[in-house]
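Structure record follows, encoded as structure tokens.
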Amino acid sequence: MQNALIVDDEADIRELLEITLNRMKLDTQAAASVKDAKALLQQRRFDLCLTDLRLPDGDGIELVKHIQQHHTNMPVAVITAYGSMDTAIKALKAGAFDFVSKPIELAMLRDLIDSALKLSQPNAAQAGRQQDRLLGRSAAMAGLKSAIKKLARSQAPVYLQGESGTGKELVARQIHELGPRAERPFVPVNCGAIPTELMESEFFGHMKGSFTGAVADKQGLFQAANGGSLFLDEIAELPLHMQVKLLRAIQERAIKPIGAQQEVPVDVRILSATHKNLSTEIAQGRFRQDLYYRINVIELRVPPLRERLADLPQLADHILARFTTNGRTQAPKLSPEALERLEAYPFPGNVRELENILERAATLCEGQIIQEHELRLPAIKATPDDNRPEPAHGQLDVYLEDKEKKAIMDALEKTRWNRTAAAKLLGISFRQLRYRLKKLGLD
């Protein structure tokens, strides 16, 4: 029998929770204060903790932090007063698994407990789906994977910050599949791809006859993701009126389909992403600050490809393995020169651009080995110099090469010919600098 710790100074709440958990075949112990809870935690092992936020000798957030430090694998959920979303967010940031508001809805409480207990004892089916979707063993990827494992144990909204093409949806899916919601739907949606006039219906659904063309009830994205995760990609593209409705849905954990008389409760974990700078969007009045605080309980940065070039050989092999064009039975490989050229390229389009480059090269390559010239990489543009005259017709390559030489030489002189420091000053990797020195005859 699994054990649960209940911490609340109100006797009737403790009794309600104990009855509910006992009916779920859980053994329970109750405490009325932080001190009593800590004493019980020292005496026995618990699979779950439910704690009120307001306690006579402290608050639930203090207890959450204590459990995070001393009982890392035990999920803890907090009980909050109705409407105190800000406090609930503080608890999530402190490491709480989830929260439930008073008055407690027993159906929602039971779902929360089921999810929490899956973290304590994941079943075999769930463990089988926990494949590593993210390729790479670089330091940047190791840090990302470690963060994903921690975030998978929480129900807090996560905001994924990263450039286009870095694989934010892949990261969101990994968070979902490593967590207790893995058996439920993962619903990705590109907010910029939905026409404005259809957004409310797409997100929240509609009832038959609610508007012209509504010939049947339609389920929205929130209902489709119920019990699972909803990934809102390019969330900055939502118009302001939809941002207001989304904010209410997240705060109330309920949605109102078009034409419905009452709200429908939904249990959805929100994962969101955009390549835009939301701080800039807020400053310019295009994104609501209150919504930003709700979706950005935890922020996770997805590194660009140029920050994890050590993963490039593995990524290239994986991508090329998909291509058996021109009658090939085996996937083509990169020549050492082609790989070195790729490692010197900044990849503004990240992994998505790498896929396009390799697909084109694999299609055009006549043999089994892709040569450097077959990559057909776009030219890397140098920073314009207002004090220098425009290049003559047909001399752009010479002009850009001179600019590149000057920038590299200036950086080397400033760093006393320390190549590592010069690369950092130029904003490129050491390998990229080494390639440019060789190409420009400066090596």
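The values are calculated or read from the model by the stated rules, or taken from the named source; none is laboratory data. Computed from a predicted model, the values in this text were never measured in an experiment. Glycine gets a Cβ as well: all are built from the backbone with ideal geometry, and neighbour counts include every protein chain shown. SASA here: full protein model, heavy atoms, side chains in, ligands and nucleic acids out. Shrake-Rupley method; radii C 1.70, N 1.55, O 1.52, S 1.80 Å.
Tabulated results
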read-out	value
For the chain, with +1 on Lys and Arg beta carbons and -1 on Asp and Glu, the positive-most of PRO346, LEU232, GLN29 along the dipole	PRO346
Region 175-221: equivalent-ellipsoid semi-axes (sqrt of 5 x gyration tensor eigenvalues, Cα, Å)	27, 14, 6
Antiparallel DSSP beta bridges within the chain, percent to nearest 5	10 percent
Pairs beyond 22 Å (Cα-Cα), from LYS102/LYS218; LYS118/LYS256; LYS333/LYS403; LYS35/LYS118; LYS403/LYS439	LYS102/LYS218; LYS118/LYS256; LYS333/LYS403; LYS35/LYS118
Accessible area of region 159-233 divided out per residue, in Å², using a probe of 1.4 angstrom	40 Å²
Alpha-carbon gyration tensor eigenvalues x 5, square-rooted, for region 270-377, Å	38, 14, 12
Reachable lysines, given that their alpha-carbon falls under 20 Å from the alpha-carbon of LYS38 and they are not under 8 places away in the same chain	LYS65
Sequence-distant lysines (8 or more away, or on other chains) whose Cα lies within less than 24 Å of LYS276	LYS93, LYS145, LYS168, LYS245, LYS381
Whole-number percent relative contact order across region 1-46, with pairs defined as alpha carbons under 8 Å at least 6 apart	48 percent
Within the accessible area of the chain (1.4 Å probe), percent carbon and sulfur	48 percent
Cβ-defined net charge surrounding HIS241, 12 Å radius [Lys, Arg +1; Asp, Glu -1]	+1
Extension reserve of the ILE19-ALA214 stretch, reckoned as 0.36 nm per residue once the Cα distance is removed	65.8 nm
Approximate spin-label separation ARG44-SER335, in nm, with each point projected 7 Å along Cα-to-Cβ	7.1 nm
Gap separating the Cα centres of region 237-259 and region 339-381, nearest whole Å	43 Å
Mean separation of Cα contacts under 8 Å, 6 or more apart, over the residue count of region 135-236: relative contact order %	28 percent
By average C-beta atoms within 10 angstrom, highest first, the peptides 162-171, 275-284	162-171, 275-284
Acute angle (nearest 10 degrees) that the helix 396-414 long axis makes with the longest principal axis of the chain, alpha-carbon atoms	70 degrees
ALA321 versus ARG54: modelled label distance in nm, points set 7 Å from Cα along the beta carbon direction	5.7 nm
Nearest 10 degrees, 0 to 90: helix 350-364 Cα axis against the chain principal axis	50 degrees
Rounded to 10°, Cα long-axis angle of helix 11-23 versus longest principal axis of the chain	70 degrees
Gaussian network model of the chain, springs between alpha carbon atoms under 10 Å - residue of LEU238, LEU135, LEU92 with greatest fluctuation	LEU135
Separation of the THR196 and LEU400 label points, Cα + 7 Å toward Cβ, nm	3.8 nm
Protection proxy ranking of 43-54, 404-415 - average other beta-carbon atoms within 10 Å, highest first	43-54, 404-415
Whole-number accessible area per residue in Å² for region 238-277, which is evaluated in the context of all protein chains at 1.4 Å	45 Å²
Relative contact order (percent, whole number), the chain, Cα cutoff 8 Å, 6+ residue spacing	11 percent
Ordering of 339-350, 285-296 by packing [mean C-beta count within 10 Å, highest first]	339-350, 285-296
Residue list for region 1-17, given a label point 7 angstrom along the Cα-to-Cβ vector of ARG110 and an amide N cut-off under 20 Å	1-6, 13-17
Calculated [θ] (222 nm, deg cm²/dmol) that DSSP helices of n ≥ 4 give over the chain, each run adding -39,500 (n - 2.57)	-13000 deg cm²/dmol
